[in-house]
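S.K.: One structure, pasted below without further comment.
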């Protein structure tokens, strides 16, 4: 099994690296052009399509044999969100096709084939996500490992491609702003084709594309994370006793969190509009727009730090045993959260070094310092809060019981698969007393507290007793915190995704690090930061449902 | 526990990122100078020194209470190798001090303090590695977590610093070569101080430094990997039954491997000398030196691929159950191996893209393509071979028994701690029959085969029967393969570490990617590749001892 992992993992890594090498080459000499990259990506997508169709066909034929499912793998609201993002990606494909038709006479045919294949790929993949992402594959292991990892890295490559196009767009924007402010020794790359557009909507299409890119980019990275969990699950044996579903979330007592969150969202949109309109004006408004951005950011981040710390304090106050059941999905979530923080931390520390060492003294120098320090602190507390929440055992005495077959979720397409105990031979579940012995042994080995499964009679009693219990005060506070943090993170995603990138505009860091180093840092850090924000929204939603 | 991990892990990451930000700033504006970075690193080293001294003092006082040890954490030959590297680092510090004394009047005092602290740090750290690296910390967990992670990231930062100095040195060399070949529009950064040296040995010191850098760099990255394992072990409960030591390795039947390996080493040194002397000559010898390098590389890599594949075939031929015992050290080894391959894979794929898309046609164009493809393939098979070897259960019927308290290793300083069964309460060990039950349960859950511990009487019998058995033919072949691969990896480490970097010299990739992109890629990829080679030597040595 380990060997299959390494074999397929290395294959996927090399696929991605070849793609990245082509992307880097596009930036340099025109020997490698965008068409080549798109042709390569199209081939990969076709391969993935064939594999997905084959997989769905095989599963369809084996309908009578049951496949095991990992219910932790995804939730229906994540899939719903992804479907929304996929629809936006489809609109983007439509725009691309329209653009191609306009310039048909002078651009490569690959630019027309790519969006068609991408649209087919998106539709099939969403179908796959809804019906197969939770599968725990046990047959043809090595072959299917290759299929899944191919899908993971194809999506990652599509993400890289989207990130690159976005970065290029922002860089050109930045250059044209500098040009408008009087710097004239810059060459702006023109990406327009050589011929005239035959329809009247070409420039509309190409301008609209950049508003859709952020969604497309998040779609691909999210799908690849989900497929990665599926890959980790291959050959795993699911322990049904920890494979529980949760009841619907209660939402009483939610006032302060949503109100503050909505305020933050509204403020963000205001700031964004003011920033984008003012940044291209005179030098004076340029500076005041940047100052405004930092002051607004400081206020937001301070609130978020407080909320996170309050949540941690509440957790300190009541001790719960940690939940140590195996869950690749949660493990990945934690790693991605900490890993993607690195981008924005690096950016912040660079800003701090730049501010401290700067020779010039623009009005936003010290607000930039405070802002950067708060970014570091806020990510620190937020990560701790999320990890602490995800690794706590749920208070199932008050909420639900793992041994009780849960009612099917409302709106869940998988509800037809609800009674999960037929046809699977799971020795661990069939011999609860022996588990109990083994758990006691393990307990002494790993110093962690496990509970033995209760008898069904106890269970139904306790469930009946607690149904009417209201949420206690701690859960209420935690829920409010989670909602506030969700909305704040959305706000902080919107700002850089739609054009507020003061790191490009303020000039402080650029003076210290030099133009090319700083651009490289930003091209690495901003996409990671965007992913961090959207990923923490997903994790916080999970926290919201758990507390 | 999870929380402590995240808390300290994030602290360490931010420490490193601040250091990296300073390094990046040094390359740009002179507002941040090397002195600032060195002062920061010196502070970190002093902090680590204080923590190590405190730790050793506390352990010393608690001599009567036993601390648990993780015998997988390191082996005495790794510690021996590290001591050697540390001695070379000390020589480097001596050179640095000498250099400082020469230029005392015009350089910052930090340049004198840094080597003194670094030398103290190195000596204390080596002492720490010999006597405490295997400790499994159970008390003061959060505080000691911070101490260990601080040590990990201080060493990583020292690694980064070394890598940066090396890269700068190579870049300057490269520029002066280009200058010699007629390109004149390049500015070479002069790092000499403004005053004259008061002793006669300054230039000797500064030139010798660069031959010692490769060793210093590997020393720090290795130490930080070992400390990381110690950090992962904090709060863990060691299962004594898997905590076995191995007997001394048999070395009969070793002929072909060492001979081929020595040939490779000798050839490498020859190639290196020819390359370094010819590369600065005329355009003609320049090109022929590069061609020679590629042809030699192709021959080496082809042999290594064959050796790796042969090893894998032998493993395919006999089926053994995988060894699934928990072992953070092995886990980390695997991840580092695959992770550090990425650097050289990226470089190879870039070369491939450049060769395919190139407009010029130098004599080494297609040998470069074959060489790059072989680099990818060779890492692929070698990683598979190493992982397969490390995750196989040892044939302990023939070699040793896990339940038998192993005799102390010869030359091991920890041999005084040999009888490990006193004073540790390990329930799992004391109730072997209950483990047996729990293992049977787990076996059904995870489909892996465990063996129940045998009774002591059986054990001693089987040991007595097998002592005289010679190595079988498969083990002999595998041992030869391992030795050959070790020596080949050393060769491939020597070449880039001491100046053979055709990626700088051949110009193909630089034309395609542009000067700054390609330099960035190399600055990222070459240090990773160097680390990969030296790390795979360590892993292969482990393989050699196991088969």
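S.K.: In segment A:355-370, what count of residues is obtained for those that are facing chain B (nearest Cβ under 7 Å) and either touching a helix residue (DSSP H, G or I) at 6+ places or on another chain (Cβ under 7 Å) or not in a loop (DSSP other than H, G, I, E, B) (or both)?
M.R.: 2
S.K.: Evaluate segment A:272-289: report whether one residue or more is surrounded by fewer than 21 Cβ atoms within 10 Å (Cβ to Cβ), within 19 Å of residue A:489 (Cβ to Cβ) and out of contact with any strand residue (DSSP E or B) (no Cβ under 6 Å at 6 or more places or on another chain). Don't jump to the end; show me each part of the working.
M.R.: The first filter runs over segment A:272-289 and keeps only residues surrounded by fewer than 21 Cβ atoms within 10 Å (Cβ to Cβ), leaving A:272-274, A:276-278, A:280-288.
Retained after the next criterion (residues that are within 19 Å of residue A:489 (Cβ to Cβ)): A:272.
Going one step further and asking which of them are out of contact with any strand residue (DSSP E or B) (no Cβ under 6 Å at 6 or more places or on another chain), we end up with A:272.
Yes - at least one qualifying residue is present in segment A:272-289.
S.K.: Out of (1) at pLDDT below 85; (2) under 21 Å from residue B:325 (Cβ atoms), what's the single condition that is false for residue B:408?
M.R.: Residue B:408 satisfies all of (1) at pLDDT below 85; (2) under 21 Å from residue B:325 (Cβ atoms) except (2).
S.K.: Inspect segment B:268-281 for any residue being farther than 30 Å from residue B:362 by Cα and either part of a loop (DSSP other than H, G, I, E, B) or modelled with pLDDT of 85 or more (or both) and give the result as yes or no. Step through it out loud before you land on a result.
M.R.: Applying the first criterion (farther than 30 Å from residue B:362 by Cα) to segment B:268-281 yields none.
The answer is no; no qualifying residue exists.
S.K.: Does residue B:178 qualify as being farther than 30 Å from residue B:115 by Cβ, exposed (fewer than 14 other Cβ atoms within 10 Å of the Cβ) and either more than 31 Å from the chain's Cα centre (by Cα) or modelled with pLDDT of 80 or more (or both)?
M.R.: On the way: farther than 30 Å from residue B:115 by Cβ: yes; exposed (fewer than 14 other Cβ atoms within 10 Å of the Cβ): no; either more than 31 Å from the chain's Cα centre (by Cα) or modelled with pLDDT of 80 or more (or both): yes.
It is false that residue B:178 is farther than 30 Å from residue B:115 by Cβ, exposed (fewer than 14 other Cβ atoms within 10 Å of the Cβ) and either more than 31 Å from the chain's Cα centre (by Cα) or modelled with pLDDT of 80 or more (or both).
S.K.: If you don't mind, another one. Could we say that residue B:310 is within 18 Å of residue B:533 (Cα to Cα), modelled with pLDDT of 90 or more and more than 10 Å from chain A (Cβ to nearest Cβ) here?
M.R.: Numbers: within 18 Å of residue B:533 (Cα to Cα): no; modelled with pLDDT of 90 or more: yes; more than 10 Å from chain A (Cβ to nearest Cβ): yes.
So residue B:310 does not fit the description; no.
S.K.: Can you say whether residue A:111 is within 14 Å of chain B (Cβ to nearest Cβ) and under 30 Å from residue B:518 (Cβ atoms), as far as the supplied structure shows? Can you show your working first?
M.R.: On the way: within 14 Å of chain B (Cβ to nearest Cβ): no; under 30 Å from residue B:518 (Cβ atoms): yes.
No.
S.K.: Condition (residue is within 14 Å of another protein chain (Cβ to nearest Cβ) and touching a strand residue (DSSP E or B) at 6+ places or on another chain (Cβ under 6 Å)) applied to segment B:60-80: is it met by at least one residue? If you could, list the steps in order and put the result at the bottom.
M.R.: Pass one, segment B:60-80, residues within 14 Å of another protein chain (Cβ to nearest Cβ): B:68.
Add one more test, that the residue is touching a strand residue (DSSP E or B) at 6+ places or on another chain (Cβ under 6 Å), and what stays is B:68.
Among the residues of segment B:60-80, at least one is within 14 Å of another protein chain (Cβ to nearest Cβ) and touching a strand residue (DSSP E or B) at 6+ places or on another chain (Cβ under 6 Å), which makes the answer yes.
S.K.: With respect to residue B:84, determine if the residue is within 14 Å of chain A (Cβ to nearest Cβ) and either touching a helix residue (DSSP H, G or I) at 6+ places or on another chain (Cβ under 9 Å) or surrounded by fewer than 16 Cβ atoms within 10 Å (Cβ to Cβ) (or both).
M.R.: Details: within 14 Å of chain A (Cβ to nearest Cβ): no; either touching a helix residue (DSSP H, G or I) at 6+ places or on another chain (Cβ under 9 Å) or surrounded by fewer than 16 Cβ atoms within 10 Å (Cβ to Cβ) (or both): yes.
In short, no.
S.K.: Can you tell which of B:508, B:540, B:522, B:530 is within 11 Å of chain A (Cβ to nearest Cβ) and surrounded by 20 or more Cβ atoms within 10 Å (Cβ to Cβ)? It would help to see each step written out before you state the result.
M.R.: Numbers: B:540 fails: within 11 Å of chain A (Cβ to nearest Cβ); B:522 fails: within 11 Å of chain A (Cβ to nearest Cβ); B:530 fails: within 11 Å of chain A (Cβ to nearest Cβ).
Going through B:508, B:540, B:522, B:530 in turn, the sole match is B:508.
S.K.: Name the residues in segment B:10-46 that are more than 7 Å from every other protein chain (Cβ to nearest Cβ) and either under 30 Å from residue B:138 (Cα atoms) or not in a helix (DSSP H, G or I) (or both), would you?
M.R.: Taking segment B:10-46 and keeping what is more than 7 Å from every other protein chain (Cβ to nearest Cβ), we get B:11-12, B:15-16, B:19, B:23, B:26, B:30, B:33-46.
If the condition is that a residue be more than 7 Å from every other protein chain (Cβ to nearest Cβ) and either under 30 Å from residue B:138 (Cα atoms) or not in a helix (DSSP H, G or I) (or both), then B:11, B:12, B:15, B:16, B:30, B:33, B:41, B:42, B:43, B:44, B:45, B:46 are the ones that fit.
S.K.: Looking only at segment B:105-121, count how many residues are in contact (Cβ under 8 Å) with a residue 60 or more places away in the chain and closer than 19 Å to residue B:51 by Cα. Full working, then the answer.
M.R.: Initial filter on segment B:105-121 (in contact (Cβ under 8 Å) with a residue 60 or more places away in the chain): B:105-108, B:110-111, B:113-114, B:117-118, B:120-121.
Those left that are additionally closer than 19 Å to residue B:51 by Cα: B:114, B:117-118, B:120-121.
Here the count works out to 5.
Let's see how each residue does on (1) assigned to a helix (DSSP H, G or I); (2) more than 10 Å from chain B (Cβ to nearest Cβ); (3) more than 14 Å from residue A:391 (Cα to Cα):
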position: A:315; (1), (2), (3): yes, no, no
position: A:324; (1), (2), (3): no, no, no
position: A:331; (1), (2), (3): yes, yes, no
position: A:340; (1), (2), (3): yes, yes, yes
position: A:353; (1), (2), (3): yes, no, yes
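S.K.: What residue, of A:378, A:388, A:335, is within 28 Å of residue A:232 (Cβ to Cβ), within 25 Å of the chain's Cα centre (by Cα), in contact (Cβ under 8 Å) with a residue 60 or more places away in the chain and within 13 Å of another protein chain (Cβ to nearest Cβ)? Working first, answer last.
M.R.: On the way: A:378 fails: within 28 Å of residue A:232 (Cβ to Cβ); A:335 fails: in contact (Cβ under 8 Å) with a residue 60 or more places away in the chain.
Among A:378, A:388, A:335, only A:388 is within 28 Å of residue A:232 (Cβ to Cβ), within 25 Å of the chain's Cα centre (by Cα), in contact (Cβ under 8 Å) with a residue 60 or more places away in the chain and within 13 Å of another protein chain (Cβ to nearest Cβ).
S.K.: Got a number for residues in segment A:299-321 being in contact with a strand residue (DSSP E or B) (Cβ under 8 Å, 6 or more places away or on another chain) and exposed (fewer than 15 other Cβ atoms within 10 Å of the Cβ)?
M.R.: Within segment A:299-321, the subset in contact with a strand residue (DSSP E or B) (Cβ under 8 Å, 6 or more places away or on another chain) is A:315, A:320.
Of the ones still in play, those that are also exposed (fewer than 15 other Cβ atoms within 10 Å of the Cβ) are A:320.
Qualifying residue count for the region: 1.
S.K.: Being under 16 Å from residue B:41 (Cβ atoms) and surrounded by fewer than 18 Cβ atoms within 10 Å (Cβ to Cβ) is the filter; apply it to segment B:98-113 and report the residue that is modelled with the highest pLDDT.
M.R.: We begin by selecting, within segment B:98-113, every residue under 16 Å from residue B:41 (Cβ atoms); these are B:100, B:108-113.
Now restrict to residues that are surrounded by fewer than 18 Cβ atoms within 10 Å (Cβ to Cβ): B:108-109, B:112-113.
On the way: B:108: 85, B:109: 88, B:112: 90, B:113: 93.
Result: B:113.
S.K.: Being surrounded by fewer than 19 Cβ atoms within 10 Å (Cβ to Cβ), within 12 Å of chain B (Cβ to nearest Cβ) and closer than 30 Å to residue A:174 by Cβ is true for just one of A:373, A:346. Which residue is that? Full working, then the answer.
M.R.: On the way: A:346 fails: surrounded by fewer than 19 Cβ atoms within 10 Å (Cβ to Cβ).
Of the residues listed, the single one that is surrounded by fewer than 19 Cβ atoms within 10 Å (Cβ to Cβ), within 12 Å of chain B (Cβ to nearest Cβ) and closer than 30 Å to residue A:174 by Cβ is A:373.
The values are calculated or read from the model by the stated rules, or taken from the named source; none is laboratory data. This is a predicted model, so every value here is computed, not measured. No Cβ is skipped: glycine too gets one built from the backbone with ideal geometry, and neighbour counts run over all protein chains shown.
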